[in-house]
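Comments concern the structure below.
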Amino acid sequence: MTSSTGGSDKPLIMLLGMGDLSAKVLSMLLSDPATNRVVLAGRDTEAIRRRGNLALFTATNLGLHGTVDTVHVDLRDVDATAETLARVRPDIIFMGGSLQSWRVITALPKEVFEELDEAQFGPWLPMHLTLNHLLMQAVRDSGIDAKVVNAAFPDAVGPVLGKVALAPTIGVGNVANIVPALTLAAAHLLDAHPSQVELRLTAQHYFSHYVPRFGDAGQGAYHLAVTVAGRPGTVEVDHGALFAQLDDRLKRIGGIDGQLLTASSAVRVLKGMAADSGVLAHAPAPGGLPGGYPVRVHRDGGTLDLPDGLGPDKAVRINEECQRADGIDRIDDDGTVHFTEREMAVMKRLLGYECLTMKLGDASEWADELALKYRSFAAKYS
(Lines give C-alpha, C1' and ligand atoms only; values in the text may rest on other atoms or scores of the structure.)
Protein backbone atom coordinates (compact mmCIF):
# COMPACT_ATOMS: atom_id res chain seq x y z
CA MET A 1 0.00 0.00 0.00
CA THR A 2 3.02 2.31 0.02
CA SER A 3 2.56 5.29 -2.25
CA SER A 4 5.30 6.33 -4.62
CA THR A 5 4.90 9.92 -3.43
CA GLY A 6 6.94 11.03 -0.47
CA GLY A 7 8.41 7.62 0.32
CA SER A 8 6.07 7.17 3.28
CA ASP A 9 5.26 3.72 4.60
CA LYS A 10 1.70 4.80 5.35
CA PRO A 11 -1.01 4.95 2.66
CA LEU A 12 -1.95 8.15 0.89
CA ILE A 13 -5.72 8.53 1.24
CA MET A 14 -7.56 10.71 -1.27
CA LEU A 15 -10.94 12.16 -0.31
CA LEU A 16 -13.17 12.99 -3.28
CA GLY A 17 -16.31 15.06 -2.78
CA MET A 18 -15.68 17.37 0.16
CA GLY A 19 -19.15 17.67 1.61
CA ASP A 20 -20.18 17.21 5.21
CA LEU A 21 -19.48 13.47 5.29
CA SER A 22 -15.97 13.74 3.88
CA ALA A 23 -15.22 16.62 6.25
CA LYS A 24 -16.14 14.42 9.21
CA VAL A 25 -14.09 11.55 7.77
CA LEU A 26 -11.11 13.88 7.33
CA SER A 27 -11.12 14.92 10.98
CA MET A 28 -11.23 11.29 12.10
CA LEU A 29 -8.44 10.25 9.73
CA LEU A 30 -6.18 12.96 11.09
CA SER A 31 -6.63 11.58 14.61
CA ASP A 32 -4.70 8.40 13.80
CA PRO A 33 -1.05 8.26 12.62
CA ALA A 34 -1.94 5.29 10.39
CA THR A 35 -4.37 7.39 8.33
CA ASN A 36 -3.18 10.99 8.63
CA ARG A 37 -1.58 11.32 5.19
CA VAL A 38 -4.40 12.79 3.14
CA VAL A 39 -5.02 14.57 -0.15
CA LEU A 40 -8.31 16.36 -0.86
CA ALA A 41 -9.63 16.38 -4.43
CA GLY A 42 -12.38 18.45 -6.00
CA ARG A 43 -13.29 21.21 -8.41
CA ASP A 44 -13.06 24.16 -6.00
CA THR A 45 -9.50 23.80 -4.76
CA GLU A 46 -9.60 26.99 -2.70
CA ALA A 47 -12.67 25.83 -0.76
CA ILE A 48 -11.28 22.37 -0.09
CA ARG A 49 -7.86 23.79 0.84
CA ARG A 50 -9.55 25.88 3.53
CA ARG A 51 -11.56 22.88 4.68
CA GLY A 52 -8.33 20.88 4.90
CA ASN A 53 -6.59 23.61 6.85
CA LEU A 54 -9.43 23.75 9.38
CA ALA A 55 -9.12 20.03 10.02
CA LEU A 56 -5.31 20.23 10.11
CA PHE A 57 -5.32 23.10 12.62
CA THR A 58 -7.86 21.28 14.80
CA ALA A 59 -5.69 18.17 14.84
CA THR A 60 -2.61 20.24 15.65
CA ASN A 61 -4.48 21.77 18.59
CA LEU A 62 -4.84 18.23 19.92
CA GLY A 63 -1.17 17.39 19.42
CA LEU A 64 -1.81 15.41 16.21
CA HIS A 65 0.33 16.11 13.17
CA GLY A 66 -0.67 14.83 9.76
CA THR A 67 -0.49 16.20 6.23
CA VAL A 68 -3.31 17.45 4.01
CA ASP A 69 -2.67 18.36 0.37
CA THR A 70 -5.09 19.54 -2.30
CA VAL A 71 -5.51 18.70 -6.00
CA HIS A 72 -8.00 19.70 -8.67
CA VAL A 73 -10.29 16.93 -9.93
CA ASP A 74 -13.37 17.28 -12.10
CA LEU A 75 -14.87 13.82 -12.49
CA ARG A 76 -16.66 14.88 -15.67
CA ASP A 77 -13.24 14.96 -17.34
CA VAL A 78 -12.21 11.32 -17.18
CA ASP A 79 -8.90 11.78 -19.02
CA ALA A 80 -7.75 14.63 -16.79
CA THR A 81 -8.82 12.73 -13.67
CA ALA A 82 -6.86 9.69 -14.80
CA GLU A 83 -3.78 11.85 -15.36
CA THR A 84 -4.12 13.37 -11.88
CA LEU A 85 -4.51 9.95 -10.27
CA ALA A 86 -1.44 8.66 -12.13
CA ARG A 87 0.57 11.64 -10.86
CA VAL A 88 -0.67 11.74 -7.25
CA ARG A 89 -0.87 7.93 -6.90
CA PRO A 90 -3.25 7.61 -3.94
CA ASP A 91 -3.36 4.19 -2.32
CA ILE A 92 -6.98 4.55 -1.18
CA ILE A 93 -9.68 6.78 -2.66
CA PHE A 94 -12.69 7.65 -0.52
CA MET A 95 -15.59 8.56 -2.79
CA GLY A 96 -17.93 10.91 -0.95
CA GLY A 97 -19.42 12.64 -3.98
CA SER A 98 -22.81 12.29 -5.63
CA LEU A 99 -25.03 14.49 -7.78
CA GLN A 100 -27.60 14.76 -5.00
CA SER A 101 -27.11 13.76 -1.39
CA TRP A 102 -29.60 11.32 0.12
CA ARG A 103 -30.41 13.92 2.76
CA VAL A 104 -31.69 16.56 0.32
CA ILE A 105 -35.24 15.23 0.43
CA THR A 106 -35.21 15.22 4.25
CA ALA A 107 -35.40 19.03 4.06
CA LEU A 108 -38.93 18.79 2.65
CA PRO A 109 -41.87 19.29 5.03
CA LYS A 110 -42.25 16.15 7.15
CA GLU A 111 -45.45 14.89 5.55
CA VAL A 112 -44.11 15.53 2.04
CA PHE A 113 -40.83 13.76 2.79
CA GLU A 114 -42.66 10.77 4.22
CA GLU A 115 -44.83 10.50 1.11
CA LEU A 116 -41.84 10.73 -1.24
CA ASP A 117 -39.82 8.36 0.94
CA GLU A 118 -42.30 5.61 0.06
CA ALA A 119 -40.45 5.43 -3.28
CA GLN A 120 -37.49 4.12 -1.24
CA PHE A 121 -33.92 4.81 -2.35
CA GLY A 122 -33.58 2.70 -5.48
CA PRO A 123 -35.10 5.22 -7.92
CA TRP A 124 -32.46 7.77 -6.90
CA LEU A 125 -29.66 5.49 -8.13
CA PRO A 126 -28.69 7.68 -11.15
CA MET A 127 -27.63 10.44 -8.75
CA HIS A 128 -25.06 8.18 -7.10
CA LEU A 129 -24.06 5.93 -9.98
CA THR A 130 -23.08 8.65 -12.47
CA LEU A 131 -20.02 10.08 -10.72
CA ASN A 132 -18.88 6.68 -9.48
CA HIS A 133 -18.96 5.38 -13.06
CA LEU A 134 -16.78 8.29 -14.17
CA LEU A 135 -14.37 7.80 -11.25
CA MET A 136 -13.94 4.11 -11.86
CA GLN A 137 -13.23 4.68 -15.55
CA ALA A 138 -10.55 7.17 -14.53
CA VAL A 139 -9.04 4.74 -12.01
CA ARG A 140 -8.90 2.07 -14.70
CA ASP A 141 -7.30 4.43 -17.22
CA SER A 142 -4.78 5.78 -14.69
CA GLY A 143 -2.97 2.46 -14.44
CA ILE A 144 -2.64 2.73 -10.64
CA ASP A 145 -3.82 0.12 -8.16
CA ALA A 146 -5.83 2.41 -5.91
CA LYS A 147 -8.56 0.87 -3.76
CA VAL A 148 -11.86 2.77 -3.91
CA VAL A 149 -14.11 3.08 -0.86
CA ASN A 150 -17.53 4.35 -1.92
CA ALA A 151 -20.07 6.14 0.30
CA ALA A 152 -22.66 6.95 -2.42
CA PHE A 153 -25.41 4.27 -2.39
CA PRO A 154 -22.77 1.51 -2.51
CA ASP A 155 -25.36 -1.27 -2.09
CA ALA A 156 -26.52 -0.72 -5.69
CA VAL A 157 -23.65 1.22 -7.28
CA GLY A 158 -21.21 -1.61 -6.52
CA PRO A 159 -23.14 -4.44 -8.19
CA VAL A 160 -24.08 -2.30 -11.22
CA LEU A 161 -20.46 -1.32 -11.89
CA GLY A 162 -19.34 -4.82 -11.01
CA LYS A 163 -21.17 -6.09 -14.09
CA VAL A 164 -18.66 -4.18 -16.24
CA ALA A 165 -15.60 -4.87 -14.05
CA LEU A 166 -15.59 -1.36 -12.58
CA ALA A 167 -16.87 -1.97 -9.05
CA PRO A 168 -15.39 0.10 -6.21
CA THR A 169 -13.43 -2.04 -3.78
CA ILE A 170 -15.94 -1.73 -0.95
CA GLY A 171 -18.68 0.56 0.35
CA VAL A 172 -19.41 2.18 3.71
CA GLY A 173 -22.44 3.12 5.77
CA ASN A 174 -25.94 1.64 5.54
CA VAL A 175 -25.64 -1.88 7.02
CA ALA A 176 -22.79 -0.60 9.22
CA ASN A 177 -24.86 2.27 10.58
CA ILE A 178 -27.44 0.05 12.26
CA VAL A 179 -25.03 -2.41 13.87
CA PRO A 180 -24.05 -0.26 16.90
CA ALA A 181 -27.67 0.26 17.93
CA LEU A 182 -28.50 -3.40 17.39
CA THR A 183 -25.47 -4.34 19.47
CA LEU A 184 -26.63 -2.16 22.37
CA ALA A 185 -30.18 -3.45 22.00
CA ALA A 186 -29.01 -7.07 22.05
CA ALA A 187 -26.83 -6.41 25.09
CA HIS A 188 -29.86 -4.96 26.88
CA LEU A 189 -32.04 -7.99 26.09
CA LEU A 190 -29.32 -10.52 26.90
CA ASP A 191 -28.11 -8.83 30.08
CA ALA A 192 -24.59 -8.58 28.69
CA HIS A 193 -22.06 -5.81 28.29
CA PRO A 194 -22.00 -4.41 24.73
CA SER A 195 -18.31 -5.31 24.45
CA GLN A 196 -19.27 -8.98 24.86
CA VAL A 197 -21.87 -8.91 22.08
CA GLU A 198 -20.92 -9.52 18.45
CA LEU A 199 -23.34 -9.20 15.55
CA ARG A 200 -23.13 -10.43 11.99
CA LEU A 201 -25.81 -8.78 9.89
CA THR A 202 -26.52 -9.31 6.21
CA ALA A 203 -28.93 -6.68 4.87
CA GLN A 204 -29.39 -4.12 2.12
CA HIS A 205 -29.86 -0.35 2.57
CA TYR A 206 -33.67 -0.67 2.90
CA PHE A 207 -33.32 -2.59 6.15
CA SER A 208 -30.89 -0.16 7.76
CA HIS A 209 -33.10 2.77 6.75
CA TYR A 210 -36.43 1.22 7.76
CA VAL A 211 -35.75 -0.36 11.15
CA PRO A 212 -34.59 2.81 12.97
CA ARG A 213 -37.61 4.73 11.65
CA PHE A 214 -40.35 2.18 12.35
CA GLY A 215 -38.94 -0.33 14.82
CA ASP A 216 -39.46 -3.36 12.57
CA ALA A 217 -37.99 -4.80 9.37
CA GLY A 218 -40.87 -3.88 7.08
CA GLN A 219 -40.51 -5.74 3.77
CA GLY A 220 -36.75 -6.15 4.17
CA ALA A 221 -35.12 -9.58 4.02
CA TYR A 222 -32.10 -9.95 6.31
CA HIS A 223 -30.00 -12.43 8.26
CA LEU A 224 -28.80 -11.68 11.79
CA ALA A 225 -26.59 -13.80 14.04
CA VAL A 226 -25.71 -12.78 17.60
CA THR A 227 -22.97 -14.23 19.78
CA VAL A 228 -21.99 -13.38 23.34
CA ALA A 229 -18.53 -13.94 24.76
CA GLY A 230 -18.51 -16.92 27.11
CA ARG A 231 -21.75 -18.38 25.76
CA PRO A 232 -21.65 -21.23 23.26
CA GLY A 233 -22.83 -20.81 19.68
CA THR A 234 -25.34 -18.33 18.35
CA VAL A 235 -27.62 -16.77 20.94
CA GLU A 236 -31.37 -16.58 20.32
CA VAL A 237 -32.79 -13.05 20.44
CA ASP A 238 -36.35 -11.83 19.94
CA HIS A 239 -35.93 -9.79 16.76
CA GLY A 240 -39.18 -7.90 17.30
CA ALA A 241 -38.07 -6.72 20.73
CA LEU A 242 -34.60 -6.03 19.35
CA PHE A 243 -35.76 -3.82 16.48
CA ALA A 244 -38.41 -2.02 18.54
CA GLN A 245 -35.72 -0.45 20.70
CA LEU A 246 -34.33 1.47 17.71
CA ASP A 247 -37.58 3.42 17.46
CA ASP A 248 -37.76 3.89 21.22
CA ARG A 249 -34.98 3.98 23.81
CA LEU A 250 -32.23 3.80 21.15
CA LYS A 251 -33.70 6.24 18.65
CA ARG A 252 -31.10 8.70 17.32
CA ILE A 253 -31.07 11.94 15.39
CA GLY A 254 -30.63 11.65 11.64
CA GLY A 255 -30.09 14.04 8.75
CA ILE A 256 -26.82 15.89 8.48
CA ASP A 257 -26.02 15.31 12.16
CA GLY A 258 -26.51 11.59 11.68
CA GLN A 259 -23.68 11.51 9.15
CA LEU A 260 -21.29 11.36 12.10
CA LEU A 261 -22.27 7.70 12.37
CA THR A 262 -21.63 7.07 8.66
CA ALA A 263 -18.25 8.79 8.97
CA SER A 264 -17.28 6.49 11.82
CA SER A 265 -18.27 3.42 9.80
CA ALA A 266 -16.19 4.73 6.90
CA VAL A 267 -13.15 5.32 9.08
CA ARG A 268 -13.43 1.83 10.57
CA VAL A 269 -13.04 0.48 7.02
CA LEU A 270 -10.36 2.98 6.00
CA LYS A 271 -8.29 2.27 9.12
CA GLY A 272 -8.68 -1.44 8.61
CA MET A 273 -7.35 -1.10 5.06
CA ALA A 274 -4.55 1.28 6.04
CA ALA A 275 -3.32 -1.03 8.80
CA ASP A 276 -4.20 -4.29 7.00
CA SER A 277 -5.76 -5.20 10.33
CA GLY A 278 -8.42 -7.80 9.54
CA VAL A 279 -10.88 -5.96 11.79
CA LEU A 280 -14.48 -7.17 11.77
CA ALA A 281 -16.74 -4.57 10.19
CA HIS A 282 -19.97 -4.33 8.25
CA ALA A 283 -19.88 -2.90 4.76
CA PRO A 284 -21.95 -2.72 1.59
CA ALA A 285 -20.82 -4.11 -1.75
CA PRO A 286 -17.49 -5.78 -0.92
CA GLY A 287 -16.09 -6.71 -4.31
CA GLY A 288 -19.26 -5.44 -5.99
CA LEU A 289 -21.73 -7.74 -4.21
CA PRO A 290 -25.28 -6.38 -3.74
CA GLY A 291 -26.27 -5.13 -0.29
CA GLY A 292 -24.31 -5.31 2.95
CA TYR A 293 -22.34 -8.00 4.82
CA PRO A 294 -20.08 -8.69 7.79
CA VAL A 295 -16.50 -8.53 6.51
CA ARG A 296 -12.90 -8.73 7.63
CA VAL A 297 -11.09 -5.65 6.40
CA HIS A 298 -7.60 -5.95 4.95
CA ARG A 299 -5.52 -3.75 2.67
CA ASP A 300 -7.32 -5.03 -0.43
CA GLY A 301 -10.81 -4.39 0.95
CA GLY A 302 -13.24 -6.68 2.72
CA THR A 303 -13.66 -10.46 2.65
CA LEU A 304 -16.94 -11.99 3.75
CA ASP A 305 -17.06 -13.20 7.37
CA LEU A 306 -20.49 -14.79 7.40
CA PRO A 307 -21.92 -16.66 10.39
CA ASP A 308 -22.18 -20.45 10.42
CA GLY A 309 -25.02 -21.70 8.27
CA LEU A 310 -25.07 -18.73 5.89
CA GLY A 311 -23.18 -19.29 2.66
CA PRO A 312 -22.21 -16.55 0.20
CA ASP A 313 -24.87 -17.50 -2.37
CA LYS A 314 -27.65 -17.36 0.20
CA ALA A 315 -26.34 -14.06 1.57
CA VAL A 316 -26.44 -12.55 -1.92
CA ARG A 317 -30.00 -13.81 -2.47
CA ILE A 318 -31.12 -12.22 0.81
CA ASN A 319 -29.68 -8.89 -0.25
CA GLU A 320 -31.19 -9.10 -3.73
CA GLU A 321 -34.59 -9.71 -2.15
CA CYS A 322 -34.11 -6.77 0.22
CA GLN A 323 -32.98 -4.69 -2.76
CA ARG A 324 -36.39 -5.21 -4.37
CA ALA A 325 -37.99 -3.63 -1.30
CA ASP A 326 -35.69 -0.67 -1.95
CA GLY A 327 -37.06 -0.19 -5.46
CA ILE A 328 -34.56 -2.14 -7.60
CA ASP A 329 -35.98 -5.30 -9.11
CA ARG A 330 -32.82 -6.66 -10.73
CA ILE A 331 -29.51 -5.79 -12.39
CA ASP A 332 -28.71 -7.39 -15.76
CA ASP A 333 -25.32 -8.76 -16.73
CA ASP A 334 -24.56 -5.62 -18.79
CA GLY A 335 -25.34 -3.28 -15.88
CA THR A 336 -28.88 -2.43 -16.98
CA VAL A 337 -31.05 -1.71 -13.93
CA HIS A 338 -34.74 -2.61 -13.71
CA PHE A 339 -36.70 -0.65 -11.10
CA THR A 340 -39.81 -1.90 -9.31
CA GLU A 341 -43.12 -0.55 -10.59
CA ARG A 342 -44.63 0.15 -7.16
CA GLU A 343 -41.80 2.38 -5.95
CA MET A 344 -41.33 4.10 -9.30
CA ALA A 345 -45.07 4.87 -9.34
CA VAL A 346 -44.49 7.12 -6.32
CA MET A 347 -41.81 9.04 -8.24
CA LYS A 348 -44.14 9.39 -11.22
CA ARG A 349 -47.07 10.58 -9.13
CA LEU A 350 -45.11 13.15 -7.13
CA LEU A 351 -42.28 14.22 -9.45
CA GLY A 352 -43.52 13.28 -12.89
CA TYR A 353 -40.39 11.10 -13.22
CA GLU A 354 -40.54 7.52 -14.45
CA CYS A 355 -37.60 5.26 -15.27
CA LEU A 356 -38.43 1.57 -15.23
CA THR A 357 -35.28 0.45 -17.06
CA MET A 358 -31.89 2.23 -17.10
CA LYS A 359 -28.87 1.26 -19.15
CA LEU A 360 -25.57 2.05 -17.46
CA GLY A 361 -24.53 4.42 -20.24
CA ASP A 362 -27.74 6.42 -19.81
CA ALA A 363 -27.39 7.03 -16.06
CA SER A 364 -26.11 10.58 -16.51
CA GLU A 365 -29.10 11.58 -18.65
CA TRP A 366 -31.53 10.05 -16.19
CA ALA A 367 -29.77 11.90 -13.37
CA ASP A 368 -30.18 15.20 -15.20
CA GLU A 369 -33.89 14.57 -15.73
CA LEU A 370 -34.42 13.50 -12.14
CA ALA A 371 -32.59 16.57 -10.84
CA LEU A 372 -34.76 18.85 -12.97
CA LYS A 373 -37.99 17.16 -11.88
CA TYR A 374 -36.99 17.20 -8.23
CA ARG A 375 -36.02 20.88 -8.25
CA SER A 376 -39.40 21.76 -9.72
CA PHE A 377 -41.15 19.64 -7.08
CA ALA A 378 -39.14 20.98 -4.14
CA ALA A 379 -39.64 24.59 -5.25
CA LYS A 380 -43.30 24.30 -4.30
CA TYR A 381 -42.27 23.87 -0.67
CA SER A 382 -39.36 26.28 -0.37
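Per-structure values
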| item | result |
| --- | --- |
| Failed criterion for ILE105 (all others in (1) over 20 Å from CYS322 (Cβ atoms); (2) open to solvent by 30 Å² or more (accessible area, probe 1.4 Å) hold) | (2) |
| Among residues of the stretch 366-382, those that are more than 23 Å from the chain's Cα centre (by Cα) and of a type in the set (Asp, Glu), counted | 1 |
| Filtered residues of the stretch 126-166 (kept if charged (D, E, K, R) and open to solvent by 10 Å² or more (accessible area, probe 1.4 Å)) | ARG140, ASP141, ASP145, LYS147, LYS163 |
| Subset of the stretch 47-105 that is in a strand (DSSP E or B) and under 22 Å from the mean Cα position of the chain (by Cα) - its residue that is farthest from ILE256 (Cα to Cα) | ILE92 |
| Meets criteria (under 25 Å from VAL346 (Cβ atoms), acidic (Asp, Glu) and touching a residue at least 12 places away in the same chain (Cβ under 8 Å)) for ASP117 | yes |
| Candidates PRO180, PRO159, PRO126 - the one that is more than 25 Å from LYS359 (Cβ to Cβ) and either charged (D, E, K, R) or in a helix (DSSP H, G or I) (or both) | PRO180 |
| Filter result for the condition that a residue is within 14 Å of the chain's Cα centre (by Cα) and farther than 28 Å from GLY311 by Cα, over HIS128, HIS193 | HIS128 |
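The values are calculated or read from the model by the stated rules, or taken from the named source; none is laboratory data. Just so we're clear, the structure is a prediction, and the values are computed from it rather than from any experiment. Cβ: placed from backbone, ideal geometry, glycine included. Neighbour counts: every protein chain shown. Calculation scope for accessible area: heavy atoms of the full protein, side chains included, ligands and nucleic acids excluded. Shrake-Rupley method; radii C 1.70, N 1.55, O 1.52, S 1.80 Å.
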